[in-house]
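Participant: Once you've had a glance at the structure underneath, I'll fire off some questions.
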Amino acid sequence: MSATTAAAGAPAMGGARAKEQAKGGIAPAIEALKGKIDSTVAAQLEACIHCGQCAEACHFYLTSGDPRLTPRHKLVPLETVYRRHMAPFSGLARMFALAPADLTRADLEAWAELLYDSCTLCGRCTVVCPMGIDIASLVRLSRAALVAADLVPESMQAAADRAVAQGSPLITEEVMRRVCAAQEKETGIRVPIDKQGAEYMVALSAMEYLNFYEVIGALARIFKAAGIDWTIASKGFEATNIGYQMGSDAIARTLVSRIVDAAHDLGVKYVVSPECGHAYTALNWEGPNMVGRPFDFEVVHILELLDRLVREGRIRLAPDETRRVTYHDPCQISRRGGVIEEPRHLLRALGANFVEMKRHGVANICCGGGGGVSAVTRAEERRIAAFACKKAQIDELGGIEGLVTACANCRNVLEEAIDAWDMELPVLGLTELVAEHLVDEAPAEEAGAPAGAA
Amino acid sequence: METPFWLWLIEGPFWLIAATIFVLGVGWRLVSLLALGRRRDLSVPRGSAAGGALRAILLHFIPHGGFFSSTTFHVLTGYLFHLALFALLLFAAPHVTFLEKNVLGFAWPAMPRWAFIVTAELAFAGLILLWARRISDPVQRQITDGGDHAQLWLTFAVMLTGCLALEEASLALRGLHMVMVELWLIYFPFSRLMHAFTWALSRGAMGATFGRRGVMP
């Protein structure tokens, strides 16, 4: 650490700052961070007392013991820019050489691993923080600097490019139609695509179309039983938003706009956010801010909708689930989304022998692959290692026969980790579980026309 | 006893200058911070932002979510130090007299000498334990900077000179304590000591965001 940095009160940044010559190269990154700093960000940076308690909540720190992975340490680039350029008295500090040295590309290169590979934006550190600092949001904002500096991990950038080019990071519209058609055939129930004037528009996650496509049939069965008029939009079929995760406002806005425009064009009243954590945050909580106006439809999370349908008696569930199950709270849906009780109501309605993990709800431990980490190939080893925290939670319960969750990304990450840790534990999607326990289902209609011809 | 000129200087003009820098500095820093503004949240709220802010401000006084056991040291030493410090600040007899004479114009019952000594020992214990953790724990060492040490040692010096000046037997020790207090006041607005004010803003901002979402992390 340089004496200047130490005197100015900014933690040390590694890298060859002395060799950094081309200041122009870093300017967009600095400007990107400056553009993210408002009174909330400033208050949170100012309030931090460097106590390090956030580390106690981070699965990456807990499983590695590496102090560099302390959540607060991940904010050094943001704090550096704030203290040098925007903090009160920063002009004075620069004048007397007391401000931290400016951010360099080497700094950002060093921090890319911390910001992208080692933070799932799960926000558990906020729970333990005595100052209530929303570190996850600050980490996400910090990623904007890496976007500006072209330091997004290759695999994540490729996923973002595919999402922009083909409408989804993993599939194309054609694949979506084929999957929907297969589910129509499987269930004998129509999966409407681009149905004008439908009440509900469902956007699903790429992982659901690709790996957990049974959820489409499950939705068709549930909605048919409830008498819900619904559709999938060919122009807005993908709910995930890799732009939001990677910290690119432009890509995030592009992707969310597709859903907003499709909902508007079809004239739907509701858009159903699927079993996907960050999709819910990106669409419901940040979507209107991204497009700069309130939506002309209501966003409802699938768990909220299913719970409502059960409570209103529009679907009935057979309470005959016999397995001893527990529920993994997807961070963005529970801790950061506020949908905590609904899945529990549903599990109890299924009659499941439902047991809670010791820390659940707002204190739940992340699957290890949220916040875009699962899209960072080089982070795989760290992600699998971080599962040790989740495994300990599950092992503590003993005799669990099913791990229920409501996020396709969590589900995929958990399945991979369970496999890597040589465990035997099925991971179950809650929507599919609900569909399996439907009673009084109306007889299947003839699917007839191919998907897309609704 | 007549007050020597140097002590008059320390307790008079220097005190005024330090107090003014403190008040204006803290005010300027808070106003500058709030002037950065906050974007309007256009999402449809599920709960109350104001209620969330209040809840976060109160909830984060004590670790929740099952984290008490892993943060016991921080919680106990943190409260030990802060509560003892505030007790000394407000109820040490010389402080009550000084505040009555120089700031407020009225007094309140001061703590007895034995209570001062016990409280001071608790405050020292809290501060020393917090410091020991800061220099020994790998996580805290990773995120600690020069400012953390500076504010800790300055606070320590204020407390130590305060204890030395307790008997009021030496004008030099009294003057030394006042000088340390004035340095502390001047340093305050430019340092992380500002957390004495920004804690509520930070918790409140987070609480407002998540209060709208109907949840409180």
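The values are calculated or read from the model by the stated rules, or taken from the named source; none is laboratory data. Everything numeric here is computed off the predicted structure, so don't read it as measured data. In this analysis, Cβ positions are derived from the backbone assuming ideal geometry, glycine residues included, and neighbour counts consider all displayed protein chains. All accessible areas refer to the heavy atoms of the entire protein, side chains included, with ligands and DNA or RNA removed. Shrake-Rupley method; radii C 1.70, N 1.55, O 1.52, S 1.80 Å.
Participant: Shielding of A:361-367 by partners, i.e. mean partner chain Cβ atoms within 10 Å per residue? Intermediate results must be reported in sequence, preceding the final value.
Facilitator: Numbers: counts 3, 7, 5, 1, 0, 0, 0.
Per residue, the average neighbour count from other chains is 2.
Participant: Could you please state, rounded to a whole Å, how far the C-alpha centre of the stretch A:279-353 is from the C-alpha centre of the stretch B:59-96?
Facilitator: The distance from the Cα centre of the stretch A:279-353 to that of the stretch B:59-96 comes to 39 Å.
Participant: Apply the Karplus curve 6.51 cos²θ - 1.76 cosθ + 1.60, θ = phi - 60°, to the phi angles in the stretch A:363-373 and return the couplings in whole Hz, x for Gly and Pro.
Facilitator: For the stretch A:363-373, the Karplus-derived couplings read 9, 4, 8, 5, 5, x, x, x, x, x, 4 Hz, x marking Gly and Pro.
Participant: Give, as a single signed number, the net charge of other residues whose beta carbon lies under 9 Å from the beta carbon of A:LEU428, with Lys and Arg counted +1 and Asp and Glu -1.
Facilitator: +1
Participant: The stretch A:26-99: which chymotrypsin sites (Phe, Trp or Tyr not before Pro) are DSSP loop and have at most 13 other beta-carbon atoms within 10 angstrom? Each step should come with its number before you reach the end.
Facilitator: Working: sites: A:PHE60, A:TYR61, A:TYR82, A:PHE89, A:PHE96; in loops: A:PHE89, A:PHE96.
Sites meeting the loop and neighbour criteria: A:PHE96.
Participant: If you roll a 1.4 angstrom probe over the protein chains with everything in place, what fraction of the accessible area of the protein assembly as shown belongs to carbon and sulfur, to the nearest %? Each step should come with its number before you reach the end.
Facilitator: Working: 15940 of 26470 Å².
Accessible surface attributable to carbon and sulfur in the protein assembly as shown totals 60 percent.
Participant: If you don't mind, another one. Using +1 on the beta carbon of Lys and Arg, -1 on that of Asp and Glu, and nothing else charged, what's the dipole of the stretch B:46-211 about the Cα centre, debye to 20?
Facilitator: Using only the charged Cβ atoms, the result is roughly 500 debye.
Participant: Please sort by residue number the trypsin sites (Lys or Arg not before Pro) in the stretch A:336-382 whose DSSP state is loop and whose Cβ has at most 14 other Cβ atoms within 10 Å. List each step's numbers first, then the result.
Facilitator: Working: sites: A:ARG336, A:ARG344, A:ARG348, A:LYS358, A:ARG359, A:ARG378, A:ARG382; in loops: A:ARG336, A:LYS358, A:ARG359.
Listed in order of number, the matching sites are A:LYS358.
Participant: Provide, for the protein assembly as shown, the number of lysine pairs with alpha carbons under 13 Å apart, each pair being eight or more places apart or on different chains. It would help to have the intermediate numbers written out before the result.
Facilitator: Working: A:LYS195/A:LYS235; A:LYS195/A:LYS269; A:LYS358/A:LYS390; A:LYS358/A:LYS391.
So the count works out to 4.
Participant: Using alpha carbon centroids, what distance separates the stretch A:369-395 and the stretch B:23-44, in Å?
Facilitator: Cα centroid to Cα centroid, the span is 37 Å.
Participant: Let me ask you something else. Taking each residue in B:208-216, count the Cβ atoms of any other chain within 10 Å of its Cβ, then average. What number comes out? Numbers along the way, then the final one.
Facilitator: Working: counts 1, 5, 10, 1, 2, 8, 4, 10, 6.
Neighbouring Cβ atoms belonging to other protein chains average 5 per residue here.
Participant: Let me ask something additional. Rounded to the nearest 5, what % of DSSP beta bridges with both residues in the protein assembly as shown are antiparallel?
Facilitator: Among the beta bridges of the protein assembly as shown, antiparallel pairing accounts for roughly 10 percent.
Participant: How far, in degrees from 0 to 90, does helix B:171-187 lean away from the longest principal axis of the Cα atoms of chain B, to the nearest 10?
Facilitator: 20 degrees
Participant: Taking the Cα centre of the protein assembly as shown as origin, work out the dipole magnitude from +1 charges on Lys and Arg Cβ and -1 charges on Asp and Glu Cβ, in debye rounded to 20. Don't jump to the answer; show the numbers that get you there.
Facilitator: Working: 62 positive and 69 negative charges, 325 e Å.
The calculation lands at about 1560 debye.
Participant: Find the relative contact order for the stretch A:133-289 and round it to a whole percent, using C-alpha pairs within less than 8 Å whose residues are 6+ positions apart. Walk me through the numbers before you get to the answer.
Facilitator: Working: 237 pairs, mean separation 44.2, N = 157.
Relative contact order for the stretch A:133-289 comes out at 28 percent.
Participant: What whole-number distance in Å separates the alpha-carbon centres of the stretch B:124-189 and the stretch A:85-145?
Facilitator: 27 Å
Participant: Okay, moving on. What list of ³J(HN,Hα) couplings, whole Hz, do you get for the stretch B:161-168 from phi and the Karplus terms 6.51, -1.76, 1.60, once you set θ to phi - 60° and write x for glycine and proline?
Facilitator: 5, x, 5, 5, 8, 4, 5, 6
Participant: Scan around A:VAL202 for amide H atoms under 5 Å from its own, H built in the peptide plane at 1.01 Å from N, and keep only partners 5 or more places away or cross-chain.
Facilitator: Those lying under 5 Å, H to H, from A:VAL202 are A:THR231, A:ILE232, A:ALA233, A:VAL272.
Participant: Run through the DSSP bridge list for the stretch A:161-311 and note the antiparallel percent, rounded to the nearest 5.
Facilitator: Values: 0 of 11 bridges.
So the antiparallel bridges in the stretch A:161-311 amount to around 0 percent.
Participant: Right, next: For labels at A:MET423 and A:ARG378 in the simple 7 Å Cα→Cβ model, what's the distance in nm?
Facilitator: 2.8 nm
Participant: While we're looking at this one, here's another question. Taking 8 Å as the Cα distance limit and 6 or more residues as the minimum spacing, I'd like the relative contact order of the stretch A:228-341 as a percentage. Don't skip to the end; give the middle numbers.
Facilitator: Values: 116 pairs, mean separation 27.2, N = 114.
24 percent.
Participant: Based on the Cβ-Cβ distance from B:LEU171 to B:ILE117, what FRET efficiency comes out when R0 is 25 Å, to the nearest 0.05? Kindly include the intermediate steps, with their values, before the conclusion.
Facilitator: Numbers: r = 22 Å, r/R0 = 0.88.
Here the calculated transfer efficiency is 0.70.
Participant: Moving on. What is the mean number of Cβ atoms from other protein chains located within 10 Å of the Cβ atom of each residue in peptide A:211-219, rounded to a whole number?
Facilitator: Working: counts 0, 0, 0, 0, 0, 0, 0, 0, 0.
Across the residues of A:211-219, the mean count of other-chain Cβ atoms within 10 Å is 0.
Participant: While we're here: So how strong a dipole does the stretch B:8-143 carry about its Cα centre when Lys and Arg Cβ are +1 and Asp and Glu Cβ are -1, to the nearest 20 debye?
Facilitator: On the way: 11 positive and 5 negative charges, 117 e Å.
Magnitude of the dipole: close to 560 debye.
Participant: As I understand it, the dipole of the protein assembly as shown uses +1 on the Cβ of Lys and Arg and -1 on the Cβ of Asp and Glu, about the Cα centre. Which of B:SER136, A:TRP111, A:ALA388 lies farthest toward its positive end?
Facilitator: B:SER136
Participant: Taking 0.36 nm per intervening residue step and subtracting the Cα-Cα distance, what contour gain separates B:LYS101 from B:VAL75 on full extension? Write out the running numbers ahead of the final one.
Facilitator: Numbers: separation 26, 0.36 × 26 = 9.36 nm, distance 3.57 nm.
Between B:LYS101 and B:VAL75, full extension yields 5.8 nm more.
Participant: Below 8 Å between Cα atoms, with a sequence gap of 6+, how large is the relative contact order for chain A in percent? Let's see the in-between values first.
Facilitator: Numbers: 859 pairs, mean separation 78.3, N = 454.
Result for chain A is 17 percent.
Participant: State the answer as a single residue: which of A:MET423, A:LEU403, A:LEU438 lies farthest towards the positive end of the charge dipole of the stretch A:393-438, with beta carbon charges of +1 for Lys and Arg and -1 for Asp and Glu, about the Cα centre.
Facilitator: Result: A:LEU438.
Participant: Using alpha carbons only, how many degrees (0 to 90, rounded to 10) separate the axis of helix B:72-91 from the longest principal axis of chain B?
Facilitator: Here the helix axis deviates by roughly 40 degrees.
Participant: Which Cα, out of A:ALA263, A:SER64, A:VAL291, lies furthest along the positive dipole direction of the protein assembly as shown (beta carbon charges, K/R +1, D/E -1)?
Facilitator: Value: A:VAL291.
Participant: While we're here: Could you pull out every residue, at least 5 positions away or on a different chain, whose amide H is within less than 5 Å of the one on A:ASN353? Hs are placed 1.01 Å off N in the peptide plane, and Pro or chain starts have none.
Facilitator: Counting only residues 5 or more places away or on other chains, the set is A:ARG323, A:VAL325.
Participant: Please determine, in degrees from 0 to 90 and to the nearest 10, the orientation of helix A:154-166 with respect to the longest principal axis defined by the Cα atoms of chain A, where the helix direction is its Cα long axis.
Facilitator: With rounding to tens, the tilt is 50 degrees.
Participant: I need the phi-derived Karplus couplings for the stretch B:203-217: 6.51 cos²θ - 1.76 cosθ + 1.60, θ = phi - 60°, integer Hz, Gly and Pro marked x.
Facilitator: Those phi angles translate into 4, x, 5, 5, x, 5, 4, 7, x, 5, 8, x, 8, 9, x Hz.
Participant: Taking every alpha carbon pair in the protein assembly as shown, what does the distance histogram look like in 10 angstrom bins from 0, in percent?
Facilitator: 3, 14, 23, 23, 16, 10, 6, 3, 1, 0, 0
Participant: Here's another thing I want to ask about it. Rounded to the nearest 100 Å², what is the sum over both chains of accessible area buried where A meets B, with a probe of 1.4 Å? Can you show the working numbers first?
Facilitator: Numbers: alone 17790 and 13590 Å², together 26470 Å².
That pair of chains buries around 4900 Å² in total.
Participant: Still on this structure: At a cut-off of 50 Å², which residues of the stretch A:93-136 become less accessible once all protein chains are present than in their chain alone, using a 1.4 Å probe?
Facilitator: Output list: A:VAL127, A:MET131.
Participant: Between B:PHE61 and B:LEU42, what is the label-to-label distance in nm when each label sits 7 Å out along the Cα-to-Cβ direction?
Facilitator: 3.9 nm
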